[in-house]
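**Student:** Structure incoming, see below.
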Amino acid sequence: MTPREFRSALALIGLISAAIAGVGGYFFIYTPLQNTAQMRRMLEKDIDDLELQLMQMIKDRPAVALIQRQSLPPDDTIAQAQYSQLLERLLLQSGIRDFKFSSVGIVQARPPIIPDIAPKRPAYKQHRFVISMENINIWQLVDFLYAYYQLDLLHQISTLKIERNERDPSRNGLKVTLTSDAIAVDGVKARTSLFPVTNVVAAVASNLGPQLLQKNPEQTRLLQWIRAEPVLASPPRNYTYIVQRDIFYGILPPYVPRKPVPFAIGPLPDVTMRRDGKPYVVRIRLSGDGSEEAEISVSVTGSLIPEDALQVDAENWTITLPPVGEDTPDSATSTVTVTAVSSEGVEVKKSFRVSVEAPVTPPPPPKPEIAWLITLPIVSTASDGTAQAIIKDHFNNFRYLISATNTTITVRKEIPWTAKSMKEDANYRRTHPPGYLVISDEGTSATQRTFRVIAIDENGIILCEPNPPAKVGNERNGGAWGGRPGFGGGRAGARQGPADPLAALTGNPATLIPRPAYYRWEHGKSLQEALDKGRLKAEEIDHILRRIAASGTVVLHRLREDQQ
């Protein structure tokens with residue numbers, strides 16, 4: 001090989017090596033670097049997209065929360081019952097009495113009108129309520145529509161048909177047929193009330209229904225929580241012109257001013273004082289023009305009541321007569337004159353006579369107290385939300401059966417029929433409202449109490465006594481119902497009645513309506529123990545009523561404090 005050929009061979013080998021190195025660098029260095037850079041750019045783009053989605057989800061959270069709050073409850077039965085009650089309340093508040101729900105049901109989902117968030121899973125359920133109203137006027141209809149559109153719910157009126165009864169000459173001859181559509185969005189947290197008790201915003205990612213509808217508001221006009229125009233007209237608009245220019249009955253007649261009402265004092269019946277050492281309250285009733293800010297003064301003549309012994313409450317318009325003693329003569333009388341001056345300066349007077357009752361015969365011997373002999377031996381709750389309790393009257397040998405569902409409570413009374421069987425007392429249900437527990441044995445004992453059973457839990461029953469008896473004696477020793485177990489225990493003078501024994505005579509609403517009392521009757525305890533130790537405090541009552549409103553009216557389950 002010549003030197004020239006050797007150099008050519010070396011040059012060729014160098015070119016071949018450079019070509020091989022270039023091809024290897026392209027496939028094994030440059031191409032992987034390019035792929036890595038492209039993957040990095042794709043990952044950065046995915047991260048940016050996810051950050052944008054996260055920011056959009058955070059931005060959309062208030063809108064999703066608003067949809068959840070405006071939605072009906074997810075349970076169909078609860079939603080229809082609560083919404084029907086709401087519409088009924090609006091109708092009654094508007095003065096509409098002659099109405100009925102022609103139909104209530106769920107509209108069948110039809111994609112894409114009702115979008116799907118999954119196969120055969122619509123984004124929301126559409127409940128339809130058809131209401132027929134008769135014998136109404138245009139004022140009542142306007143009031144109902146105004147109140148309807150003030151509700152913060154996902155609902156709307158889809159059809160409204162108004163007809164006039166030509167045979168009715170008055171303005172109350174309109175017949176209205178109205179269709180209201182309300183929806184329950186998929187993914188809304190379950191609740192027992194129409195409106196949520198607390199405004200809890202759920203995670204956006206776990207509520208597909210609100211997300212889809214919030215992203216696509218054009219798919220349904222029922223879920224536009226931000227309206228371009230208000231439902232009602234602007235505030236300067238006066239709706240009274242629509243009513244005054246009634247298109248069905250013509251223009252309203254001119255306004256006729258109200259006739260003046262003379263200022264007067266209500267009836268003041270004569271009073272007969274009892275020899276019980278207690279005062280007597282007389283309420284003055286004023287009526288007519290200027291009675292709201294009227295002033296009263298009182299004078300007295302006679303031998304029964306000294307003039308300086310009267311107590312006059314000028315704010316509440318009451319007169320307190322002093323008590324009379326046992327040594328007061330039967331012939332002693334007094335005349336009380338009431339003078340009232342209205343805010344317009346009109347003065348009127350009226351009098352009533354006060355006397356003393358004649359001596360009465362001593363009361364009959366007291367009847368035995370049997371509260372210790374009435375026990376609660378059985379309380380049971382079931383997994384289906386029902387509960388039962390049995391109250392045994394060992395003195396009279398009959399019992400009360402309490403049955404509770406998620407919505408109602410019933411009480412039955414059973415009496416002995418044979419030596420081993422019991423028979424329901426049909427007269428008990430006819431004479432007492434459902435849920436009322438009337439402890440009575442037709443007068444053979446002094447224990448006569450009326451309760452309303454408001455709930456049953458695993459440890460006993462919750463009772464509400466609408467008319468608790470007056471507190472007599474030392475409460476530490478049992479008060480009016482205290483005493484040792486057995487017959488004749490306690491004081492038999494305190495019967496069931498108003499908190500003030502004179503309430504039935506005074507006519508004072510503040511004393512006529514006593515404050516209800518609430519008790520917890522625990523399993524295995526007697527009625528006397530429930531009355532002595534089971535009375536609930538105000539905060540306990542409020543806590544129990546809130547639990548009943550949240551979880552149902554019947555069975556209470558003990559919850560943790562952070563969940564109540």
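**Student:** Among the candidates E134, E88, which residue alone is among the acidic types (D, E) and touching a strand residue (DSSP E or B) at 6+ places or on another chain (Cβ under 7 Å)?
**Tutor:** Details: E88 fails: touching a strand residue (DSSP E or B) at 6+ places or on another chain (Cβ under 7 Å).
Selected residue: E134, the only one of E134, E88 that is among the acidic types (D, E) and touching a strand residue (DSSP E or B) at 6+ places or on another chain (Cβ under 7 Å).
**Student:** Among the numbered criteria (1) surrounded by fewer than 15 Cβ atoms within 10 Å (Cβ to Cβ); (2) more than 30 Å from S440 (Cα to Cα), which single criterion is violated by W317?
**Tutor:** Of the numbered conditions (1) surrounded by fewer than 15 Cβ atoms within 10 Å (Cβ to Cβ); (2) more than 30 Å from S440 (Cα to Cα), the odd one out for W317 is (1).
Yes/no matrix, rows are residues, columns are (1) surrounded by fewer than 18 Cβ atoms within 10 Å (Cβ to Cβ); (2) not β-branched (V, I, T):
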site	(1), (2)
T159	yes, no
S170	yes, yes
L174	no, yes
D181	yes, yes
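**Student:** Working only within region 251-281, note down all residues that are hydrophobic (A, V, I, L, M, F, W, C) and either modelled with pLDDT under 80 or exposed (fewer than 14 other Cβ atoms within 10 Å of the Cβ) (or both).
**Tutor:** Of the residues in region 251-281, the ones hydrophobic (A, V, I, L, M, F, W, C) are 251-252, 256, 261, 263-265, 268, 271, 273, 281.
Within region 251-281, I251, L252, V256, V261 qualify.
**Student:** Looking only at region 253-280, how many residues end up being within 40 Å of the chain's Cα centre (by Cα), among the basic types (K, R) and more than 29 Å from E344 (Cα to Cα)?
**Tutor:** 1
**Student:** Could you pull out every one of the strands (runs of 3 or more DSSP E) wholly within region 377-459 that has 1 or more residues that are among the β-branched types (V, I, T)?
**Tutor:** Numbers: elements: 387-393, 398-404, 409-416, 422-424, 436-439, 449-457.
Of the strands (runs of 3 or more DSSP E) lying wholly inside region 377-459, those with at least 1 residues that are among the β-branched types (V, I, T) span 387-393, 398-404, 409-416, 436-439, 449-457.
**Student:** Can you find a residue that is assigned to a loop (DSSP other than H, G, I, E, B), modelled with pLDDT under 50 and buried (at least 17 other Cβ atoms within 10 Å of the Cβ) anywhere in region 479-487?
**Tutor:** Let us first name the residues in region 479-487 that are assigned to a loop (DSSP other than H, G, I, E, B), namely 482-487.
Applying the additional criterion that residues be modelled with pLDDT under 50 yields 482-487.
Still in the running and buried (at least 17 other Cβ atoms within 10 Å of the Cβ): 482-483.
Within region 479-487 (the criterion being assigned to a loop (DSSP other than H, G, I, E, B), modelled with pLDDT under 50 and buried (at least 17 other Cβ atoms within 10 Å of the Cβ)), the answer is yes, since at least one residue qualifies.
**Student:** Say we look at region 343-389 and pick out the residues that are among the aliphatic types (A, V, I, L, M) and surrounded by fewer than 16 Cβ atoms within 10 Å (Cβ to Cβ); which of these is nearest to the chain's Cα centre (by Cα)?
**Tutor:** Step one: list which residues in region 343-389 are among the aliphatic types (A, V, I, L, M), which gives 346, 348, 354, 356, 358, 360, 370-371, 373-374, 376, 378-379, 382, 387, 389.
Right, trim to surrounded by fewer than 16 Cβ atoms within 10 Å (Cβ to Cβ) and you get 358, 360, 378, 382.
Numbers: A358: 50, V360: 48, I378: 30, A382: 26 Å.
Once the filter is applied, the top-ranked residue is A382.
**Student:** Also: Check Y124 against each of (1) among the aromatic types (F, W, Y); (2) more than 20 Å from F195 (Cα to Cα); (3) touching a strand residue (DSSP E or B) at 6+ places or on another chain (Cβ under 6 Å) and name the one condition it does not meet.
**Tutor:** Unmet for Y124, out of (1) among the aromatic types (F, W, Y); (2) more than 20 Å from F195 (Cα to Cα); (3) touching a strand residue (DSSP E or B) at 6+ places or on another chain (Cβ under 6 Å): (2).
**Student:** Please verify whether region 112-129 includes one or more residues that are part of a strand (DSSP E or B), hydrophobic (A, V, I, L, M, F, W, C) and under 28 Å from the mean Cα position of the chain (by Cα).
**Tutor:** At the first step, the residues of region 112-129 found to be part of a strand (DSSP E or B) are 116-118, 121-122, 124-129.
Next cut, hydrophobic (A, V, I, L, M, F, W, C) only: 117-118, 129.
In the following step, the residues that additionally are under 28 Å from the mean Cα position of the chain (by Cα) were identified as 129.
Yes - at least one qualifying residue is present in region 112-129.
**Student:** Go through region 57-111 and report how many residues are assigned to a loop (DSSP other than H, G, I, E, B), touching a helix residue (DSSP H, G or I) at 6+ places or on another chain (Cβ under 9 Å) and surrounded by 17 or more Cβ atoms within 10 Å (Cβ to Cβ). Spell out how you get there, then give the answer.
**Tutor:** Keep residues of region 57-111 that are assigned to a loop (DSSP other than H, G, I, E, B), which gives 71-75, 94-98, 108-111.
Subsequent filtering for residues that are touching a helix residue (DSSP H, G or I) at 6+ places or on another chain (Cβ under 9 Å) retains 71-73, 94-97.
Keeping just the survivors that are surrounded by 17 or more Cβ atoms within 10 Å (Cβ to Cβ) gives 71-73, 94, 96.
Selection size over region 57-111: 5.
**Student:** On to the next question. Of (1) at pLDDT 85 or above; (2) under 27 Å from the mean Cα position of the chain (by Cα), D457 satisfies all except one. Which?
**Tutor:** Of the numbered conditions (1) at pLDDT 85 or above; (2) under 27 Å from the mean Cα position of the chain (by Cα), the odd one out for D457 is (1).
The values are calculated or read from the model by the stated rules, or taken from the named source; none is laboratory data. Keep in mind that what you see is a predicted model, and the values were worked out from it rather than measured. A quick note on method: Cβ atoms are made from the backbone with ideal geometry, for glycine too, and the neighbour counts reach across all protein chains shown.
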